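The block underneath contains the structure these notes are about, expressed in structure tokens.
The values are calculated or read from the model by the stated rules, or taken from the named source; none is laboratory data. Quick caveat: nothing in here was measured; it's all calculated off a predicted structure. When we count neighbours, we look across all protein chains shown, and the Cβ atoms used for this are built from the backbone with ideal geometry, even at glycine. Heads up: the accessible areas ignore ligands, DNA and RNA and are worked out on the full protein's heavy atoms, side chains in. Shrake-Rupley method; radii C 1.70, N 1.55, O 1.52, S 1.80 Å.
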Amino acid sequence: MTNYIYLLICLFILNYTNLCAQLSLKININTNQAELFLEVMQKIDSTKQKLYADKIELNKSESNILRADLISNKSFNLLIDSLLCNPIYDIISKSVKCKVDSSLYNEKEAYRQAFYNIYDKEMEITAGMNETWLNFYYSTLKNETSIIIKEIAGNIYRYERDISVLVQKFLPSRNQNIQPVELFLGFDGNRGSFNDGKIIFMEGIFDGFNNSELFLLTLAHEVHHAVYGNYLEIKYPKLNQLSENNHILKWQLNMVLEGTAQQINYNAYPSEVKELYNNKKLLKELFDEWIKLFREYADADNGKEYYQKFSDYYFNQFALQKLSEYCPDQNIRKKIISRRPSFIYYLSYNLFNTILLKGGTESIIRSIVEPESLLSDYNKYMDNFNNNPQVPEDIVKLWRKNFEEAK
């Protein structure tokens, strides 16, 4: 009996080891942005303390005095230079805009001005990041956050092991190998955690570093993008080339990536976000708008220009408008702004989840292996599920055609 139990234990260890080994995952971690961001916020706070003691809110005149002090502070500007030199800002700054008085700033300069004018309530910046930064800074134990960042960096091997198991559940096969993933821990307050090729940014403001389960699941979501994205590039060799002009294909690719990866970490979403994901009226509005946009894009004379115009609008103004409409509590909106209603996230999750719930694991894996069949697979299992209509046949054909042309 003892030998039998010993054999079972050995088999379990062997199977677990093989399972993990089948996904060759290596994570290189960069904590520079997180550490420098906290230093910048500490410098702003100490300068504000010197001028106004413990005063939490500043009027316009006081904010201008603080700004002048920060601008003239050489060490503070060198600190911001070091922060904005982090390569992650080449990615996260692309869609950031900041308006101070009548002056408009873009990308990295928008961040610099936002730090200078952080207490200016009249300043306009993407997703209200300055207010998010202040709320985060004053509600967080800075020393504890620094310790947690170091602990994550010291335990990266455990994350590599556990993430390998989570990610494999929603992959075409279990022998996916990728180049090392570059992981940046940081604080931003706009779009949440994301991946860009082999680069992953983990957002500490919304997704948190102190909740180990949430951190693990969110990181697994982003690693899935890297692994599955690698599979898609091999399966569709013309994908990157075509998506430069056929931006609707890029949109389809993002929906496939987000729809699958969210199956890993959806259960870790805040309850308020889950309520939005399951709001039938909201989903119907998103679904109808998405169908309309697909048709308009197909008929557009300049597809690239059309895509750039609507992609920014629908992820920002439209999504924020829907968030305000369906989440009237301002405090909750601030908490979940990075998960504001969007086609790419909300609809993609529901497309794949419908297939998973109604067709089972085998069916969702089929859609993952052959994403060109996603909409037809969804229609097959769709029976007024979540009150969404079936995808019209012209959209199903266009979706399939775009993917097949990339082979």
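Residues are listed down the side, and each one gets a yes or a no for (1) hydrophobic (A, V, I, L, M, F, W, C); (2) in a helix (DSSP H, G or I); (3) at pLDDT below 90; (4) open to solvent by less than 30 Å² (accessible area, probe 1.4 Å):
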{"site": "ARG158", "(1), (2), (3), (4)": "no, yes, no, no"}
{"site": "ARG161", "(1), (2), (3), (4)": "no, yes, no, no"}
{"site": "LEU166", "(1), (2), (3), (4)": "yes, yes, no, no"}
{"site": "GLU182", "(1), (2), (3), (4)": "no, no, no, no"}
{"site": "PHE206", "(1), (2), (3), (4)": "yes, no, yes, no"}
{"site": "LEU219", "(1), (2), (3), (4)": "yes, yes, no, yes"}
{"site": "TYR231", "(1), (2), (3), (4)": "no, yes, no, no"}
_Could you check region 48-63 and list, in sequence order, the residues that are within 35 Å of the chain's Cα centre (by Cα) and in contact (Cβ under 8 Å) with a residue 24 or more places away in the chain?_
LYS48, ILE56, GLU57, LEU58, LYS60, SER63
*Does region 252-263 hold any residues that are open to solvent by less than 20 Å² (accessible area, probe 1.4 Å) and in contact with a His (Cβ under 6 Å, 6 or more places away or on another chain), and which are they?*
ALA261
*(1) within 27 Å of VAL181 (Cα to Cα); (2) aromatic (Phe, Trp, Tyr); (3) at pLDDT below 95: which one isn't true of TYR297, the others all being true?*
(1)
*Among TYR345, TYR314, which is the only one that is assigned to a helix (DSSP H, G or I) and touching a residue at least 40 places away in the same chain (Cβ under 8 Å)?*
TYR345
*What pairs can you find where one residue is in region 284-297 and surrounded by fewer than 15 Cβ atoms within 10 Å (Cβ to Cβ), the other is aromatic (Phe, Trp, Tyr), and their Cβ atoms are less than 9 Å apart, with a gap of 6+ or different chains?*
GLU296/TYR306; GLU296/PHE310
_Identity of the residue in region 90-122, more than 29 Å from ASP196 (Cα to Cα) and touching a helix residue (DSSP H, G or I) at 6+ places or on another chain (Cβ under 9 Å), that ends up surrounded by the fewest Cβ atoms within 10 Å (Cβ to Cβ)_ = SER103
*Kindly list the number of the only condition in (1) among the aliphatic types (A, V, I, L, M); (2) more than 27 Å from ILE199 (Cα to Cα); (3) open to solvent by 80 Å² or more (accessible area, probe 1.4 Å) that fails for LEU78.*
(2)
*Given the conditions (1) at pLDDT 95 or above; (2) among the acidic types (Asp, Glu); (3) part of a loop (DSSP other than H, G, I, E, B), which single one is not true for GLU57?*
(1)
